[in-house]
Amino acid sequence: MTRDVLAMLRLARTDGVGPMTFRRLMARHRDGTAALAALPSLNRGLEACAEADAKREMTALARLGGRFVFLDDPLYPPLLALLPDAPPVLAVLGDASLLAAPAVAVVGARNASSAGRRVAEELSEALAAKGLTVVSGLARGIDTAAHDGALRSGGTIAVLPGGVDVPYPPENAALVARIADRGAVVSETPLGTAPLNRHFPKRNRIVAGLSLGVVVVEAAHRSGTLITARLALEHGREVFAVPGSPLDPRCRGSNDLLRQGAHLTETAEDVLEHLPDAPREAPLFDPARMAPRGPESPETAPDPLGPPPEGAAEIIELIGLSPVSVDEVLRRCHLTAPELQAVLTDLELEGRVELLPGHRVMRSANG
């Protein structure tokens, strides 16, 4: 595939071009320049990201010592590429080759107990010492402890909800610098992007997608951490949970995962015993799964994107301007859980729905 980095970045940064749209365009046109040129023919009112804006972002990331890793890049993490809504591009600070290393996510409560933070730190240190990369979301509490522990003996990947130049929370700026020096800091959002509520579910899918398994250390009954665990299950990854006190509300969600079949975890060996082999790599731009190619004339050519994500129209009809549980939408539609999640993520990135905390969704005001 011919790679035009500037064109691919502009395509990825175009409002209304979500991960699935990006894949379908690239499957049909095979290079960024041709895919970008096809946008006006879609009749969807899409206006390509300005060349000047993309160039500024490229320059700014280079000044930080970072690089872009696109979906067709050999450095793109193969596990993440298996997700139907894998990010078209990742901005990376640090060692991009670490993205392809075997990884385990360690996540949990922001208001973690001191015991929970200690468990996360020691478990992450032991996992990193075994050669595994520890992935987490840089949040306060368990995530921060996981990164700290992993840095003692190996590598770690921090997935940010905003731009890689916007550490969140701000007090973890020094930790971001340490991770960029000895691991990798990644984000799918443009540089300078401040983290908003809608960015966190997207961040969580990357955390799950990079990992062979997800270890939960303290999670309330309804929390973002459980979204990460659910996403891991939907994509065939293993889920582990550290048991906690039934008297501590911070452990109710993680204890419930154990009731549902998560692997009880106290040591790194508990993780290693149940960790699967890496899934087989899938073609990144498989024409058989995307829009067809052919010599059609402009008058008869189908939409270069192919049809919208299957089920998108039905899902939009089921979602109103008031928040509704994603589980309720799943019960009322014909899609499987992974198919629904993929459609919702694509609709969110196109600005048509908003994914909310507590595994809820609502239609955007302009959707």
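Of note:
- Selected residue (criterion: modelled with the lowest pLDDT) from residues of the stretch 31-45 that are more than 15 Å from residue 6 (Cα to Cα) and open to solvent by 20 Å² or more (accessible area, probe 1.4 Å): 43
- Selection of the stretch 157-171 for residues being open to solvent by less than 10 Å² (accessible area, probe 1.4 Å), out of contact with any Phe, Trp or Tyr (no Cβ under 8 Å at 6 or more places or on another chain) and within 11 Å of residue 195 (Cα to Cα) yields 163, 164, 169.
- Look at (1) modelled with pLDDT under 70; (2) over 22 Å from the mean Cα position of the chain (by Cα); (3) surrounded by 15 or more Cβ atoms within 10 Å (Cβ to Cβ) and you find that residue 333 fails only one, number (1).
- Residue 16 vs. criteria more than 30 Å from residue 276 (Cα to Cα) and crowded, with 21+ Cβ neighbours inside 10 Å: no
- All positions within the stretch 192-219 that are surrounded by 20 or more Cβ atoms within 10 Å (Cβ to Cβ) and in a loop (DSSP other than H, G, I, E, B): 210, 211, 212, 218, 219
- Meets criteria (within 14 Å of the chain's Cα centre (by Cα) and part of a loop (DSSP other than H, G, I, E, B)) for residue 163: yes
- The residue that is most open to solvent (accessible area, probe 1.4 Å), among those in the stretch 92-109 that are free of Cβ contacts under 8 Å to residues at least 60 places away in the same chain and of a type in the set (A, V, I, L, M), is 100.
- Every residue from the stretch 96-109 that is within 30 Å of residue 73 (Cβ to Cβ) and not in a helix (DSSP H, G or I): 101, 102, 103, 104, 105, 106, 107
- In this structure, residue 48 qualifies as aliphatic (A, V, I, L, M) and either touching a helix residue (DSSP H, G or I) at 6+ places or on another chain (Cβ under 6 Å) or surrounded by fewer than 24 Cβ atoms within 10 Å (Cβ to Cβ) (or both).
- Conditions (1) more than 23 Å from residue 165 (Cβ to Cβ); (2) open to solvent by less than 20 Å² (accessible area, probe 1.4 Å); number of the one not met by residue 89: (1)
- Matching residues in the stretch 260-277 - criterion: being farther than 14 Å from residue 229 by Cβ, assigned to a loop (DSSP other than H, G, I, E, B) and open to solvent by 70 Å² or more (accessible area, probe 1.4 Å): 266, 277
Rundown of residues vs (1) touching a residue at least 12 places away in the same chain (Cβ under 8 Å); (2) farther than 13 Å from residue 186 by Cβ; (3) part of a helix (DSSP H, G or I); (4) open to solvent by 10 Å² or more (accessible area, probe 1.4 Å), yes/no style:
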position: 72; (1), (2), (3), (4): yes, yes, no, yes
position: 85; (1), (2), (3), (4): yes, yes, no, no
position: 111; (1), (2), (3), (4): yes, yes, no, yes
position: 121; (1), (2), (3), (4): yes, yes, yes, yes
position: 145; (1), (2), (3), (4): yes, yes, yes, no
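- Every residue from the stretch 15-28 that is outside any helix (DSSP H, G or I) and either more than 18 Å from residue 54 (Cα to Cα) or touching a helix residue (DSSP H, G or I) at 6+ places or on another chain (Cβ under 7 Å) (or both): 17, 18
- Options 239, 207, 217, 271; residue that is in contact with a helix residue (DSSP H, G or I) (Cβ under 6 Å, 6 or more places away or on another chain) and over 30 Å from residue 165 (Cβ atoms): 239
- Within this structure, residue 139 passes the test of being at pLDDT 95 or above, closer than 27 Å to residue 250 by Cβ and part of a loop (DSSP other than H, G, I, E, B).
The values are calculated or read from the model by the stated rules, or taken from the named source; none is laboratory data. Quick caveat: nothing in here was measured; it's all calculated off a predicted structure. Reconstructed Cβ throughout: ideal geometry from the backbone, glycine too, with neighbour counts over all protein chains shown. In case anyone asks, the SASA skips ligands and DNA or RNA and just uses the protein heavy atoms, side chains included. Shrake-Rupley method; radii C 1.70, N 1.55, O 1.52, S 1.80 Å.
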